[in-house]
């Protein structure tokens with residue numbers, strides 16, 4: 001039963017396992033959905049969705065699978081005219097709530113076909129025909145749990161309409177990031193340590209409880225030095241050219257990073273297309289306001305977490321050749337790929353975030369350079385999920401030395 005719905009969910013990105021699906025089948029056999037479309041919606045969401053980040057995907061899958069119930073094709077024009085007449089607000093009584101039949105999907109389809117074949121006049125109220133008000137499962141402005149709304153504006157949301165509203169789209173984690181989402185994701189990039197010096201001014205709750213217990217209940221407060229985040233971050237951002245399309249997104253990232261005051265140290269530099277012997281202090285990437293990349297490699301120890309942001313799309317010569325730099329007044333003695341490999345070798349914890357959707361990485365004009373850079377750095381798409389995966393790699397030594405592959409869309 002509902003096997004097609006299982007594949008709908010998987011196709012829309014809801015990671016439903018067979019165990020969860022079996023639990024749903026058992027719940028349906030126990031009539032936990034109450035033979036109601038609304039009940040079926042909430043039961044499925046409760047059993048099959050693991051995180052609120054997938055609520056919107058579930059709603060899209062549910063609305064797509066059940067969507068034919070809301071606006072059946074071939075509805076006679078005369079019935080549309082009847083339904084266009086709005087009904088004044090009416091009070092839903094207890095009797096109306098009790099006197100309705102809860103129907104399954106196939107039964108509703110069959111009944112609607114019968115009504116359309118038999119109905120020859122407009123109806124307002126009642127519990128049978130396509131119309132307004134009342135407790136009929138077909139029409140609008142009435143009351144029937146799990147009914148099919150046809151025309152008009154909703155007053156008692158059916159399950160399909162609730163799903164179609166996509167109330168949970170803000171919970172998605174595969175959408176492009178905003179400043180707040182950036183901040184929340186970056187907050188996970190922490191590695192706390194206790195200061196070796198300074199005043200003991202933070203209450204150690206666990207030690208206080210232990211010491212109080214050892215003193216037979218006589219309170220003894222234990223103070224400790226505050227913990228601080230020992231993370232040091234080096235942010236390198238591509239600017240100009242093809243990155244202009246993502247300038248708003250990069251501005252949000254820059255704002256979020258600069259508002260994140262929990263890092264032990266934060267350094268931000270810019271480059272254009274590829275990193276060569278200069279890293280610039282502003283996004284114009286011009287003039288004498290720069291720092292030698294060699295100096296960065298010498299002055300920054302390997303504990304820095306390096307986040308490189310760029311679409312990795314450029315001419316192959318810009319990445320692979322001496323003198324391939326696009327700026328005509330400059331000359332690179334080392335190919336860009338050599339600089340990238342040196343950065344990766346020096347900074348064990350480093351990732352590349354690509355604002356270009358991953359599904360295009362193998363098809364865009366710069367596919368060769370994306371693939372080549374993806375073999376040097378772990379490359380993730382610049383979404384909430386992508387950033388969270390990148391942060392996991394920046395915190396775990398297990399990411400070092402792994403075979404690097406460009407993520408597939």
Would you say residue 42 is over 25 Å from residue 385 (Cβ atoms) and within 25 Å of the chain's Cα centre (by Cα)?
-> yes
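Does the stretch 230-238 contain at least one residue that is loosely packed, with under 13 Cβ neighbours inside 10 Å and either modelled with pLDDT of 85 or more or farther than 21 Å from residue 290 by Cα (or both)?
No, the stretch 230-238 contains no residue that is loosely packed, with under 13 Cβ neighbours inside 10 Å and either modelled with pLDDT of 85 or more or farther than 21 Å from residue 290 by Cα (or both).
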Restricting attention to the stretch 264-287, which residues are without any contact (Cβ under 8 Å) to a residue 40 or more places away in the chain and within 29 Å of the chain's Cα centre (by Cα)?
-> 264, 265, 266, 267, 268, 269, 270, 271
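Give me the residue from the stretch 239-260 that is in contact with a helix residue (DSSP H, G or I) (Cβ under 8 Å, 6 or more places away or on another chain) and not in a helix (DSSP H, G or I) and, out of that set, surrounded by the most Cβ atoms within 10 Å (Cβ to Cβ). Can you show your working first?
So the first thing to find is which residues in the stretch 239-260 are in contact with a helix residue (DSSP H, G or I) (Cβ under 8 Å, 6 or more places away or on another chain), and the list is 239, 243, 250, 252-253, 255-257, 259-260.
Okay, now just the ones that are also not in a helix (DSSP H, G or I), so 239, 260.
Numbers: 239: 20, 260: 18.
Ranking the candidates gives 239 first.
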Among the residues of the stretch 184-215, the number that are surrounded by 12 or more Cβ atoms within 10 Å (Cβ to Cβ), more than 34 Å from the chain's Cα centre (by Cα) and modelled with pLDDT under 65 is 1
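Condition check ((1) over 22 Å from the mean Cα position of the chain (by Cα); (2) modelled with pLDDT of 90 or more; (3) closer than 21 Å to residue 245 by Cα) across all residues:
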| site | (1), (2), (3) |
| --- | --- |
| 310 | no, yes, yes |
| 330 | yes, no, no |
| 339 | yes, yes, no |
| 361 | no, yes, yes |
| 367 | yes, yes, yes |
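The values are calculated or read from the model by the stated rules, or taken from the named source; none is laboratory data. Quick caveat, the model's predicted, so the values are computed rather than measured. So basically every Cβ, Gly included, is an ideal-geometry build from the backbone, and we count neighbours across all protein chains shown.
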